[in-house]
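The next block holds one structure in the form of structure tokens; read it before the comments.
The values are calculated or read from the model by the stated rules, or taken from the named source; none is laboratory data. Note that the structure is predicted; figures quoted are calculated from it, not measured. Here the Cβ is made from the backbone with ideal geometry for all residues, glycine too, and neighbour counts use every protein chain on show. All accessible areas refer to the heavy atoms of the entire protein, side chains included, with ligands and DNA or RNA removed. Shrake-Rupley method; radii C 1.70, N 1.55, O 1.52, S 1.80 Å.
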Amino acid sequence: MRILTGIQPSGTPHLGNYFGAMKQVCALQEKGESFLFIADYHALTTNSDPKQLRERVVNLALDFIACGVDLEKTVFFRQSAVPEVCELQWILNTVTPVGLLERAHSYKDKIAKGFAPNNGLFSYPVLMAADILLYGANLVPVGKDQKQHLEITRDVAIKFNNQYGEILTIPEGFIPDEVAIVPGTDGQKMSKSYGNTIAIFGAEKEIKKTVMNIVTDCKGLEEPKDPDSCNVFAIYKLFATPEEIRTMRENYLGGNYGYGHAKKALFEKIWTHFEPMRKRRAELAADLGYVESVLAKNGERARAEAEKMLKRVREAVGLR
Ligand code: ADP
Ligand code: TRP
């Protein structure tokens, strides 16, 4: 089974990205042959600063390797290392109904947010379909927000196969329900766009400050508190053992346990959880040549795979 996913280089990773995406990707490495790429072509649709794009791509590579992407098991590469994906996108464009793209929520959302409606944004899902179909992926782990893009991928692949023969593998999405939405410091979904994130690789002082600022109700120290409506407790649960969760629950219910205490305990958990990853990331950051060489080598592997599929597609449509 071939598992494939792409991630946009969209900035500093936070706890939501870690639990909702990074950890999932690392767990799936055990289940089959994994392809993971940094979607830098896609990033061009919303990022027009070349320096920023370059930095974000490298940072994302460091983040994922530090968090446990296994370079023996996973082909980890830059999307743009395989320009063949753009040729496949073009071919897929010719079987993609415009109406399918007009219905895409993410396109409508971006336009509503004020992005100029360029053709890159519009045909974003076709490039994503090409990403998936080029490598014959069977399983595509993504967040809920990408569900519609996967449906478009399947529709486009079916249309292509109906027209030209059974060439493309129809992929399945893998959208785990059990990945709870990590709440941010204000209780809404943690997201860069809400400014309520806790960065996983932030400096000690910064993380502490953010944790101490998590919004709670204003119950006094001695009053009993409700763990189930508390953001601090909700985030603590992601890190703690069942035993520790029970103890924290009792502390809340028993009174004489302040939010300050809970926040301190949470900070300690976050800081120690990411300690080994922080160290690994610092080592990698001091050896960017190694990171570049890994990405380049993996890019070549991915490209060799892609060329095989593209050859079949070209033949099927009559380009050779
Ligand atoms: P952001 O909302 O901060 O811009 P992205 O949209 O870039 O985050 O999300 C990247 C990945 O992280 C996606 O797979 C998404 O499902 C996951 N993710 C983001 N925020 C959360 C969250 N609060 N809880 C769980 N998963 C999340
Ligand atoms: N669109 C995805 C996102 O924003 C990233 C992505 C690009 C992707 N190509 C992909 C995900 C192919 C899975 C498969 O999260």
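The figures follow:
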read-out	value
Range of Cα positions in the stretch 208-320 per principal axis (Å), largest first	77, 38, 26
Alpha-carbon Debye profile of the stretch 170-213, log10 I(q)/I(0) at 0.32 Å⁻¹	-1.12
Between the stretch 25-86 and the stretch 244-320, the alpha-carbon center distance in angstrom	11 Å
Length gained when the stretch GLU204-ARG246 is fully extended (0.36 nm per residue, less Cα-Cα span)	12.4 nm
27 Å Cα-Cα reach of LYS73 towards lysines, excluding residues that sit fewer than 8 places from it in its own chain	LYS23, LYS31, LYS144, LYS147, LYS279, LYS297, LYS308, LYS311
Alpha-carbon radius of gyration plus Dmax, which is the widest Cα pair, for the stretch 202-273 in Å	11.6, 33
Estimated dipole of the stretch 202-273 in Debye, rounded to 20 [Cβ of Lys and Arg +1, of Asp and Glu -1, Cα centre]	220 debye
Length-normalised contact order of the stretch 202-273 in % [C-alpha pairs under 8 Å, at least 6 apart]	41 percent
Where HIS261, HIS14, HIS273 fall by accessible area, highest first, once all protein chains stay in place (1.4 Å)	HIS261, HIS273, HIS14
More than 16 Å apart - percent of Cα-Cα pairs taken over the stretch 1-73	48 percent
Paramagnetic label zone (point 7 Å from Cα along Cα-to-C-beta, LYS31; backbone N under 20 Å) in the stretch 155-177	169-177
Ratio Rg/Rh [Cα only; Rh per Kirkwood] for the stretch 95-220	1.12
The stretch 202-273 - accessible surface per residue (Å², probe 1.4 Å)	56 Å²
Isotropically averaged projected area of the chain, using the convex hull of Cα atoms (one quarter of hull area), nm²	17.7 nm²
Trypsin sites (Lys or Arg not before Pro) restricted to the stretch 180-267 and DSSP loop, no more than 16 other C-beta within 10 Å	LYS219
Cut-off 14 Å, label 7 Å out along Cα→Cβ of ALA285, residues of the stretch 6-20 by amide N	12-13
Accessible area of the chain belonging to carbon and sulfur atoms, whole % at 1.4 Å probe	52 percent
Rel. contact order, % - alpha carbon contacts under 8 angstrom, at least six apart, the chain	22 percent
